[in-house]
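The values are calculated or read from the model by the stated rules, or taken from the named source; none is laboratory data. Worth saying up front: this structure is predicted, and the values here are computed from it rather than measured. Reconstructed Cβ throughout: ideal geometry from the backbone, glycine too, with neighbour counts over all protein chains shown. Accessible surface is based on the protein model in full, side chains and every heavy atom, while ligands, DNA and RNA are left aside. Shrake-Rupley method; radii C 1.70, N 1.55, O 1.52, S 1.80 Å.
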Amino acid sequence: MKVLHAVTLHSTSHAFGGPVRVALNLATGLRGRGHEASLLALGEGFGDPWPTEVEGVPARLFPARRLLPLGFSGMTSPTLLATAGRLVRGADLVHVHLARDLVTLPVALAALRAGKPLVLQTHGMVDPSGKALAKVLDAVAVRRLLRGAGAVLYLTPHEKAGLDAVVGGEPLANTVHLVNGVPAQEERPAPAGPPRILYSARLQARKRPVDFVRAASLVRQRFPEARYVLAGPDEGESGAVAHEVDTLRLADRLTVPGALTSEQVQAELRRAHVYVLPSVDEPFPMSVLEALAVGVPVVVTRSNGLARAVAGSGAGRVVEPGPAGVAAGVLELLDEDANRAASVAARKLAAEAYAMDAVVDALLTVYGRLTDGA
């Protein structure tokens, strides 16, 4: 089966985050089962030669053009749009990681027009919004796509309720629950040396990177030798982070390396005592799943989509948002016995609840229903 995965942007800075990671994981899993999965996206930051594959997945990447000052929503490529119809027609099924943007919306509409089986996966990016542009896009395209797709994949009940609200409140009949999966990873070595606390996500207001810095200042009172890594592409918070690091005199303890490659993230995880994601209303963070797979205990806030699983399994600590709550969770996990127990639970949770093979099995069931098992 030829499956085309469309996502907004793949860049050297990994700025688009989780949706790209999910698309690549799924495409890799499908290719491992003998299917021809490929990636379609904007590309940014690459030099010559322009990549034709990403992590072993064949890819068509088109140079991104920023037409409107709307972040990812204002990016597109006339060449991609001109080519999308042909690429869609050449696929047996089109899987779009849908956002309100000028890439995934046109590709999904092209799939509908071509009569191709269409799977949408929104990653929490399509929810009720009062913004004028969102209302226009919902009226012109989003509602039609959500109702017309063969399947709309959702991560959590909260996301499903949001999708139902976008189309007017009546429950969509084509929704399917599918969690994000994470490939199996080798277990990290036993932590050694001074405590090392890791944040690896976009530097964006909702992710609360400043909370991480302030929590580091609190943890320092008990563990003055601890080290902190705050990694990720900037999305508006780097100035606030730098100011806080300077104000709290943490420059000798806290490093801000910017965006990391997948390999560098894995290397940092294998050195970390604790992984922290202080964000609020986080649907289903891949960075947390990647930490669990390696066996790194995690600290997340109560509104995180993985909070219930983390709390129920003992794979980390679920805390109230803010520096005090984050610091308290980190301090608990820096106890050697607590860290060891949470590490074992983290590996178990990743293997039993979010194994990539099981996710690909479930996805192929959806695909088979839409393609008559092709």
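Side notes on the structure shown:
- The one condition in (1) surrounded by fewer than 24 Cβ atoms within 10 Å (Cβ to Cβ); (2) in contact with a Leu (Cβ under 6 Å, 6 or more places away or on another chain); (3) free of Cβ contacts under 8 Å to residues at least 24 places away in the same chain that residue 288 fails to fulfil: (1)
- Looking only at the range 315-333, and only at residues there that are open to solvent by 30 Å² or more (accessible area, probe 1.4 Å) and in contact (Cβ under 8 Å) with a residue 60 or more places away in the chain, the one that is nearest to residue 179 (Cα to Cα): 321
- Within the range 157-193, restricting attention to residues that are open to solvent by less than 20 Å² (accessible area, probe 1.4 Å) and under 20 Å from the mean Cα position of the chain (by Cα), the residue that is farthest from residue 110 (Cα to Cα) is 182.
- Residue, modelled with the highest pLDDT, within the range 228-246, restricted to residues that are closer than 16 Å to residue 71 by Cβ and charged (D, E, K, R): 237
- For the criterion of being among the aliphatic types (A, V, I, L, M), surrounded by fewer than 19 Cβ atoms within 10 Å (Cβ to Cβ) and either within 20 Å of the chain's Cα centre (by Cα) or within 29 Å of residue 192 (Cβ to Cβ) (or both), residue 355 passes.
- Of all the criteria given as (1) touching a Ser or Thr at 6+ places or on another chain (Cβ under 8 Å); (2) at pLDDT 95 or above; (3) not charged (D, E, K, R), the one not satisfied by residue 133 is (2).
- Considering only residues in the range 297-313 that are touching a Lys or Arg at 6+ places or on another chain (Cβ under 9 Å) and within 14 Å of residue 342 (Cβ to Cβ), the one that is surrounded by the fewest Cβ atoms within 10 Å (Cβ to Cβ) turns out to be 311.
- Of the residues making up the range 81-118, those that are buried (at least 18 other Cβ atoms within 10 Å of the Cβ), in contact with a Phe, Trp or Tyr (Cβ under 9 Å, 6 or more places away or on another chain) and over 26 Å from residue 234 (Cα atoms) are 93, 95, 117.
- Among the conditions (1) open to solvent by 10 Å² or more (accessible area, probe 1.4 Å); (2) out of contact with any helix residue (DSSP H, G or I) (no Cβ under 6 Å at 6 or more places or on another chain); (3) over 19 Å from residue 18 (Cβ atoms); (4) not aromatic (Phe, Trp, Tyr), residue 282 misses just one, which is (3).
- Single condition residue 197 does not satisfy, out of (1) over 28 Å from residue 353 (Cβ atoms); (2) of a type outside the set (Gly, Ala, Ser); (3) touching a Phe, Trp or Tyr at 6+ places or on another chain (Cβ under 9 Å): (1)
- Only one of 210, 152, 219 that is surrounded by fewer than 22 Cβ atoms within 10 Å (Cβ to Cβ), touching a residue at least 12 places away in the same chain (Cβ under 8 Å) and of a type in the set (Val, Ile, Thr): 210
- Test: residue in the range 224-231 that is touching an Asp or Glu at 6+ places or on another chain (Cβ under 9 Å) and either surrounded by fewer than 19 Cβ atoms within 10 Å (Cβ to Cβ) or in contact (Cβ under 8 Å) with a residue 12 or more places away in the chain (or both): yes
- Number of positions in the range 239-267 that are under 21 Å from residue 217 (Cα atoms), part of a helix (DSSP H, G or I) and open to solvent by 30 Å² or more (accessible area, probe 1.4 Å): 6
- Among the candidates 258, 325, residue that is at pLDDT below 95 and of a type in the set (Gly, Ala, Ser): 258
- Close pairs (6 angstrom Cβ cut-off, 6 or more residues apart or separate chains): within 15 Å of residue 182 (Cβ to Cβ) in the range 16-39, charged (D, E, K, R) anywhere: 17/202; 24/55
- Taking the range 1-29 as the range and being more than 20 Å from residue 62 (Cα to Cα), out of contact with any Asp or Glu (no Cβ under 8 Å at 6 or more places or on another chain) and either surrounded by fewer than 23 Cβ atoms within 10 Å (Cβ to Cβ) or modelled with pLDDT under 90 (or both) as the test, only 25 passes.
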